[in-house]
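The values are calculated or read from the model by the stated rules, or taken from the named source; none is laboratory data. Everything quoted here is computed from the prediction, not taken from an experiment. Cβ placement follows ideal geometry from the backbone for every residue including glycine, while neighbour counts extend to all protein chains displayed.
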Amino acid sequence: DVKVTQSSRYLVKRTGEKVFLECVQDMDHENMFWYRQDPGLGLRLIYFSYDVKMKEKGDIPEGYSVSREKKERFSLILESASTNQTSMYLCASRAPAGPSNEQFFGPGTRLTVL
Amino acid sequence: AQKITQTQPGMFVQEKEAVTLDCTYDTSDQSYGLFWYKQPSSGEMIFLIYQGSYDEQNATEGRYSLNFQKARKSANLVISASQLGDSAMYFCAMSRSNTGNQFYFGTGTSLTVIP
C-alpha cells in the first residue's frame, strides 16, 4: 500500500517562527503536493513538485516555500509563521502520466500559530 | 480556469437511504479525470471513485457510483444504502493531464447520516 507520512499531526508555533512540515512517500512517486485546508474553502494548492529539485507555485504560495532534495521527501517551509497560517496542511503524492491516477494523502498536520 | 463547484455545504440522509452529492466542473480540456474523496473527522482523505472524461459508462465502486453527465459537466456522487460510517466531508476533484498532474478540489459537502 502507498504510504504518505507527515512529521507531525499537531503543531503549535509562535508568530515569527520558522516552521518545517515534512512529508515522505514510499511509492517512488514523481509528483508531490502541499495543500492547506480551511473550513468552507476546501483544499487549496500551495506548491507542487514533479521531480527532485523541481517545484511549481500553486494557488496560494505567498508566505511559503518548499524543498525537494530527494524524491521521497517534500518539505513545506513557513519562513516566518503568522496567525493566518493556522490551518490543516495536507501532503499528497501521485504517480505520473494519465489523469486516472489518484492522489494519496498523508494524515495531515494541524498547525496553530499563536 | 479550472473550477469545481459543490453547492451543498451540508446534507442529511436517513440511514439505509440513498443520497446524491452534487459536483459540477469547468474545464476546456478534453482529457481529464474526476475523483471523489471522503474525509472522516479523523482527517485522512480516502479515495472513493474515479471517472475518466472518455469513459462512457458511469463508474461504480461498491455502494458508490458516479453519475457522469459530460455535456452538463456534472459528476455527482451517489451513495446507496447509507450507513452511519458514511458521515464525513466529501470532496469532488478534477485532474488535468499537465505538468504535475494538478488536482482541483471543490469546497466539500458535509454529509450526516441519521439513525
Query - The lone exception for A:LEU90 - which of (1) in contact with a Leu (Cβ under 8 Å, 6 or more places away or on another chain); (2) of a type outside the set (Val, Ile, Thr); (3) surrounded by fewer than 13 Cβ atoms within 10 Å (Cβ to Cβ) it fails - result: (3)
Report summary line: Given the conditions (1) surrounded by fewer than 21 Cβ atoms within 10 Å (Cβ to Cβ); (2) hydroxyl-bearing (Ser, Thr, Tyr); (3) outside any loop (DSSP other than H, G, I, E, B); (4) modelled with pLDDT under 95, every one holds for B:SER95 apart from (1)
Report task. Collect the residues in region A:57-114 that are within 14 Å of chain B (Cβ to nearest Cβ), within 19 Å of A:VAL24 (Cβ to Cβ) and among the small types (Gly, Ala, Ser), keeping them in residue-number order. Result -> A:ALA92, A:SER93, A:ALA95, A:GLY106, A:GLY108
Requested in this report: Give B:THR20, B:THR60 a once-over and let me know the one that is more than 14 Å from chain A (Cβ to nearest Cβ), free of Cβ contacts under 8 Å to residues at least 12 places away in the same chain and hydroxyl-bearing (Ser, Thr, Tyr).
Outcome: B:THR60
Query raised in the report: For region A:17-114, list the strands (runs of 3 or more DSSP E) that sit wholly inside it and hold at least 3 residues that are touching a helix residue (DSSP H, G or I) at 6+ places or on another chain (Cβ under 8 Å), farther than 27 Å from B:TYR54 by Cβ and of a type in the set (A, V, I, L, M); which are they?
Result: none
